[in-house]
Amino acid sequence: MATPEDLRAEANKHGDLRSKYMEQSKEAYAKGDKKEAKELSDKGKEEGTRMEQAHERAAKAFFERNNPNPTDLTVIDLHGLQVKEAVQYTTSRLDNCAKKKIATLTIIVGAGNHSEGGAQGRKIKPAIEEILAQRKLKFTDNQPNHGCMLVEFNGDHSSSSSSSTTHSNTNTLQSHNRNNEHEQTLVIEPIRKQDNQDNNNKKEKEKKSSSCTIL
């Protein structure tokens, strides 16, 4: 069974043949041999079609090998994919995450060690960043590991939940304070009534004492 690497090598082989036939077609046309140029051009187009088909099979094989659990939508590994392929698979995954209301998605783009120019020559990550920017999705770079992008889908939902919780707590506290004030009123009111009764009794005694003295 052909490996993903074998399929990618096959695609590159067809790509080389396409370039070869197209170059020969140009040379034949320059010499005035339009018939030969047309035949070589057609061969080049055929190799181009084979190349695209082989790249598609290679991408599928790489993706399935690096993402063995198709039901896990929280992680997507783009290793082995070309930029166009990575964009297609990531776009599809983002759509699925939105439909399934997934909270976060870890996109593994790699450190770029196999790209031309090392980490500075990474081509997939800028393409993925552009997709996220278009969708206005926030992400944290190199999280949870180096070479990863942690995308958050429910940032607004979290803020709303926090605000709701705070509002609920505030209402609870206000209700608690009102209950305390009511309890204090119930306790203080009888005391006030007792104080008023004592004052009335005192005034009455003073009045009687004054009357006796005058007599």
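The values are calculated or read from the model by the stated rules, or taken from the named source; none is laboratory data. All figures in this text were calculated on a predicted structure; none of them were measured in a lab. Reconstructed Cβ throughout: ideal geometry from the backbone, glycine too, with neighbour counts over all protein chains shown. Ligands, DNA and RNA are stripped out before the accessible areas are found, and what is left, the full protein with its side chains, is counted by its heavy atoms. Shrake-Rupley method; radii C 1.70, N 1.55, O 1.52, S 1.80 Å.
Structure summary
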| read-out | value |
| --- | --- |
| Backbone HN-Hα couplings from phi across segment 86-91 [Karplus 6.51/-1.76/1.60, Hz, Gly and Pro as x] | 4, 5, 5, 5, 5, 4 |
| By accessible area with a 1.4 Å probe, ligands and nucleic acids excluded, highest first: order of 122, 50, 8 | 50, 122, 8 |
| Overall Cα dimensions of segment 1-126, principal axis frame, Å, largest first | 63, 29, 29 |
| Mean Cβ neighbour count within 10 Å, used as a protection proxy, ranking 88-100, 128-140 highest first | 88-100, 128-140 |
